[in-house]
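Report on the following structure.
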Amino acid sequence: MFKPLSCYIGLRYTRAEKHNNFISFISLTSVLGVALGVAALIVVLSVMNGFEEELRSRMLDMVAHITITGPDGTLKDWEKLEDKIKADPKVIGIAPFVEGQAMLSHSSKVQGALIRGIDLNRESQADDIHSKIKVGSIEKLQPGSYEIILGADLAHNLGVFLHDKLILVTPQATTTPVGIIPRIKQVTVGGIFQVGMYEYDSALAIMNIVDAATLFRIPGKISGLRLKLNDLFAAPYMAQKLQKSLSGNYWISDWAYQHANFFRALKTEKTVMFVILFLIVAVAAFNIISTLVMVVTDKQTDIAILQTLGVSSGSIMRIFMIQGIVIGFIGTLLGAIGGVALALNVETIVPYIESLFEVQFLSPEVYYISELPSKLSWSDVYTICSTSFILCTLVTIYPAWRATRVQPADALRYA
């Protein structure tokens, strides 16, 4: 009796009654539809966030947060430059490297490759290549050994394995009296790594930095510096800061810039999936309209009596809006609870379903990522739930407005 009249009547109309079981059934389907749409959105976006984080992690195993090179592809007196960069507390690791294009040949097979020379003592400061070695050891890359570690797909394409010999041809040719002779060096396969991304596994080869500098004719120089930051998402800002603070001509790029198209495609795909799955919520929300329209038709006599008692049009609108809002709120709440529970346990639920039905959704023979990663973002949950609730609230306006158009004389004539 202490509740506002519109709230009291609206909540009473949401209860099931014996003579309107069909309306109650439609209300239930609306609640379940909203819950299903919200849960599906939360789970799918969480899985996409997990895939994005997994791919970014694998990518950054081979790509530094920030790369600094010279205008001609080399850096001189890089030790002084390193001292300046070290002064920034955000920089937690610096590793020099030598990089260049080359051609690898074995038997009748030829493959182009990106040769990267690394410093064994400092490479771990910039990436995590040590943990990606599947065969052999990175410790074999000693100066003068001319051993090379190949990506798994590159080794497969060349048909080589551990300790096999390769012919490495660099673009820097030697001019002799008999003509131009390409620089050729025999190297030994000292190991094979696998990152899980075809871009690197099929085209990257790693050598000792001294051997690579000799092959590319830049002894005593390096191609650039690879930086690791305490916060990878600060890389774009840090790159701009270094560009302004360092005196001299340097080409400075961050991981986000180097793979801008890749992450832009992921963002676009995530947006499209949100729009497509949100249509489920929209369909359920529009079911609320049909539910309320039928309720208004069924309650015309009650509405007419309330009008004759002096209840305002605004109060009548609120009666039916409250009924729709309750349906939307319950559906959104159930969907949020179910979606969060599924998103937090998807890595456990999926293997259980696979073992139960003896199927495998992501075969390791086909996909590098054979498990469904999931990363729940609470900002996504808030956005989904608030958008769903607002939509469910908006669709109640038209049926509630129709309730105010009921004419008491017509409604009570045959009551």
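The values are calculated or read from the model by the stated rules, or taken from the named source; none is laboratory data. None of the values given here were measured: they were computed from a predicted structure. Every residue, glycine among them, receives a Cβ derived from its backbone with ideal geometry; neighbour counts consider all protein chains shown. Surface accessibility is based on the protein's heavy atoms, side chains included, excluding ligands, DNA and RNA. Shrake-Rupley method; radii C 1.70, N 1.55, O 1.52, S 1.80 Å.
The residues listed here are Ile180, Ile129, Ile148; of these, the one that is closer than 23 Å to Pro219 by Cα, among the β-branched types (Val, Ile, Thr) and either surrounded by fewer than 21 Cβ atoms within 10 Å (Cβ to Cβ) or touching a residue at least 60 places away in the same chain (Cβ under 8 Å) (or both) is Ile180.
Could you grab me the full set of residues in region 288-301 that are within 15 Å of Arg413 (Cβ to Cβ) and of a type outside the set (Val, Ile, Thr)?
Of the residues in region 288-301, the ones within 15 Å of Arg413 (Cβ to Cβ) are 300-301.
Within region 288-301, just Gln300 meets the criteria.
The residue pairs whose first member lies in region 249-272 and is exposed (fewer than 11 other Cβ atoms within 10 Å of the Cβ), whose second member is outside any helix (DSSP H, G or I), and whose beta carbons are closer than 9 Å, counting only pairs six or more residues apart or on different chains, are Asn249/Gly70; Asn249/Pro71.
Within region 204-228, if we keep just the residues that are in contact with a strand residue (DSSP E or B) (Cβ under 6 Å, 6 or more places away or on another chain) and not in a strand (DSSP E or B), the residue that is nearest to Asp77 (Cα to Cα) turns out to be Ser223.
Could you check, for region 212-223, whether at least one of its residues is modelled with pLDDT under 90 and closer than 27 Å to Ser374 by Cβ? Checking region 212-223: not a single residue is modelled with pLDDT under 90 and closer than 27 Å to Ser374 by Cβ.
Here is a list: Leu292, Leu279, Leu309. Which entry is open to solvent by 70 Å² or more (accessible area, probe 1.4 Å), among the aliphatic types (A, V, I, L, M) and farther than 18 Å from Met48 by Cβ? Walk me through how you get there before you give the answer.
On the way: Leu292 fails: open to solvent by 70 Å² or more (accessible area, probe 1.4 Å); Leu279 fails: farther than 18 Å from Met48 by Cβ.
Matching residue, one of Leu292, Leu279, Leu309: Leu309.
Within region 378-401, the set of residues being under 16 Å from Asp298 (Cβ atoms) and touching a Ser or Thr at 6+ places or on another chain (Cβ under 9 Å) comprises Pro399 only. Scan region 31-42 and tell me whether some residue there is under 29 Å from the mean Cα position of the chain (by Cα), open to solvent by 40 Å² or more (accessible area, probe 1.4 Å), within 30 Å of Leu333 (Cβ to Cβ) and β-branched (Val, Ile, Thr). No; the residues of region 31-42 include none that is under 29 Å from the mean Cα position of the chain (by Cα), open to solvent by 40 Å² or more (accessible area, probe 1.4 Å), within 30 Å of Leu333 (Cβ to Cβ) and β-branched (Val, Ile, Thr). Each residue in region 183-203 was checked for being touching a residue at least 40 places away in the same chain (Cβ under 8 Å), of a type in the set (Val, Ile, Thr) and assigned to a strand (DSSP E or B), and 4 pass. Of all the numbered requirements in (1) among the β-branched types (Val, Ile, Thr); (2) at pLDDT 90 or above; (3) touching a Ser or Thr at 6+ places or on another chain (Cβ under 7 Å), Ile26 misses one, and that requirement is (2).
State whether one or more residues within region 136-143 are in contact (Cβ under 8 Å) with a residue 12 or more places away in the chain, over 32 Å from the mean Cα position of the chain (by Cα) and over 23 Å from Leu158 (Cβ atoms). Yes - at least one qualifying residue is present in region 136-143.
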